[in-house]
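Asker: Pasting a structure below so you can have a look.
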Amino acid sequence: MLQLKEYVREFMSCEVGDGRFASFWFDNWTDLGQLITLIGDNGPRLLRIRLDARVADATRLGSWHLPAARSDSAQELQIRLIDDIPPPNLNRGSDSFLWRHVPRFSFATWLALRNRLPTRDRLRGWGMDVPSSCLLCSNGLETHDHLFFSCPFSL
Ligand SMILES: [Zn+2]
């Protein structure tokens with residue numbers, strides 16, 4: 001299961017600087033979306049890039065360094081990298097992140113990241129007499145993890 005932090009990063013775009021923080025597979029540092037979604041779960045094996053690799057790990061001596069493409073999506077990625085995306089460079093500073101979505105959604109996500117949404121488990125924690133079950137599906141406790149990862153109504 002994705003950690004909440006990774007879930008949030010799906011909704012941010014990343015501008016690559018030195019490529020030492022941005023996740024190769026999970027951050028949106030190309031306009032192709034998350035590469036693990038584009039290439040698929042066998043991506044790390046196909047491209048010989050570990051699941052926890054940083055963008056800089058896909059370069060060698062300042063150039064993109066990927067094995068010969070063995071799928072259409074891998075080829076699409078290679079063309080995009082070579083044509084449009086300069087390799088990470090120490091002179092460009094740290095990788096930076098921007099919200100991709102509307103501010104209201106981003107604010108809700110920011111609250112969730114900080115574990116601040118008034119979910120029923122928190123309301124009960126404050127002494128309020130509310131049911132603990134999920135308002136949307138009535139299955140399971142209404143917690144951040146439930147709303148974001150397991151509630152059938154919000155997925
Ligand atoms: Zn639910």
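Asker: Rounded to the nearest 20 debye, what is the charge dipole size of the chain about its Cα centre when +1 sits on each Lys and Arg Cβ and -1 on each Asp and Glu Cβ?
Answerer: In total the dipole reaches around 320 debye.
Asker: What is the percent of Cα-Cα separations in the chain that go past 29 Å?
Answerer: 33
Asker: Work out, step by step, the length gained on full extension between ASN42 and SER96: first 0.36 nm times the residue separation, then minus their alpha carbon distance; give nm to one decimal.
Answerer: In short, 16.7 nm is gained.
Asker: Below 8 Å, C-alpha to C-alpha, sequence gap of six or more: please give me the relative contact order for region 4-97 in percent.
Answerer: 38
Asker: Taking 0.36 nm per residue of separation and subtracting the Cα-Cα distance, what length does fully extending ARG60 through MET12 add?
Answerer: Details: separation 48, 0.36 × 48 = 17.28 nm, distance 2.64 nm.
Stretched out fully, the ARG60 to MET12 stretch lengthens by 14.6 nm.
Asker: 5 Å is the cut-off here: which amide hydrogens, built 1.01 Å from N in the peptide plane, fall below it relative to ARG54, excluding neighbours closer than 5 in sequence?
Answerer: PHE24
Asker: Give me the extension gain from ARG20 to SER132: residue separation times 0.36 nm, minus the current Cα-Cα distance, reported in nm with one decimal.
Answerer: 36.1 nm
Laboratory data are not the source of any read-out in this text; all were calculated from the coordinates shown. The structure presented is a predicted model; accordingly, all values stated were derived computationally and were not measured. Ideal geometry is used to build each Cβ from the backbone, glycine not excepted, and the neighbour counts take in all protein chains shown.
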